[in-house]
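Data first, discussion second: the structure below is written as C-alpha cells.
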Amino acid sequence: MYLYLHKYLVLNKRLSIPDLGNFVIESNSAKLDNTNGFLFAPAPAIKFKQEQTPASDKFLFDFISDEMGVDQMTAIKLFHDYVYKIKTSLTTPEGANIAGVGTLRKENNGYILFTPEKNLLDLMPQVKVSEGLAHFKNDVEKNHLDEERNFTQQEEEDIRELLGKDSQNISGDNWWVYAVILLMIAIGALLFYYV
C-alpha cells in the first residue's frame with residue numbers, strides 16, 4: 001500500500017490520512033551559503049501537518065483501485081487497514097514508517113513528530129561556488145590578456161585614450177561574469193533536477 005500512497009503524494013503533491021494529518025510536497029528554493037561558499041540546488045521537501053482530515057478521499061480511493069486493479073470497496077478496506085497499522089505503530093519507540101515518505105512517531109502529549117526520508121538530492125555533493133568562480137575568472141583573464149597581446153603598446157594607449165581610461169587602470173567592472181556564472185549554475189541545477 002505504501003507504494004501507492006507515495007506515488008499519489010508525488011503526483012498530487014498532497015496526501016491526506018484520516019485522523020493523522022496531511023503530507024504536502026513543497027519546493028525549497030536554491031540557497032547560497034556565503035560563509036562556506038556552497039550553492040544548494042532547489043529540492044522538493046515533504047512536510048507533515050497534523051490536522052483533522054476528512055475520512056474519505058474519493059480521488060485517493062479511485063487512484064488506489066485503478067493502481068491495484070481492484071474495486072473501490074476493496075481499495076477502501078485495504079487503505080483503512082493500512083491506516084490502522086500506522087496508527088497502532090505510532091506509539092512505539094521506532095514509530096510508523098511509510099516507505100518513501102518518512103517516519104511518524106506520537107509523543108505523550110499527542111503531538112505527532114514527522115521525520116522525512118532522505119531526499120536523493122541530499123546525497124549529491126554541493127557546488128563549491130568559489131572554486132568555480134575562480135576557475136572561470138582565470139579563464140576570462142587569460143582570454144583578456146591573450147586579446148591584449150595582439151595590440152602594440154602604442155595601439156593600446158590610443159584605445160585607452162579614446163575610451164577616456166587612464167593607462168594605469170586597465171581593469172573593468174566584471175559584474176556580468178558573476179551573473180553568467182550564476183545563470184549557468186541555475187540552469188545546471190534545473191537540468192539536474194528535472195532531467
Looking only at region 7-29, filter to residues that are of a type in the set (A, V, I, L, M, F, W, C) and out of contact with any strand residue (DSSP E or B) (no Cβ under 6 Å at 6 or more places or on another chain); which one of those is surrounded by the fewest Cβ atoms within 10 Å (Cβ to Cβ)? 11
Checking residue 187 against (1) closer than 28 Å to residue 39 by Cβ; (2) more than 22 Å from the chain's Cα centre (by Cα); (3) modelled with pLDDT of 60 or more; (4) not hydroxyl-bearing (Ser, Thr, Tyr), only one condition comes out false. Which one? (2)
Mind listing whichever residues of region 92-116 are at pLDDT 80 or above and out of contact with any Leu (no Cβ under 9 Å at 6 or more places or on another chain)? 92, 93, 94, 102, 108, 109, 111, 116
Sole miss for residue 82 among (1) touching a residue at least 24 places away in the same chain (Cβ under 8 Å); (2) in contact with a strand residue (DSSP E or B) (Cβ under 6 Å, 6 or more places away or on another chain); (3) within 21 Å of residue 6 (Cα to Cα); (4) not aliphatic (A, V, I, L, M) is condition (2)
If you take the residues of region 50-86 that are among the charged types (D, E, K, R) and at pLDDT 85 or above, which of them is nearest to residue 190 (Cα to Cα)? 67
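The values are calculated or read from the model by the stated rules, or taken from the named source; none is laboratory data. Remember, it's a predicted structure, so these values are computed and weren't measured experimentally. Heads up, the Cβs are rebuilt from the backbone with ideal geometry, glycines too, and the neighbour counts pull from every protein chain shown.
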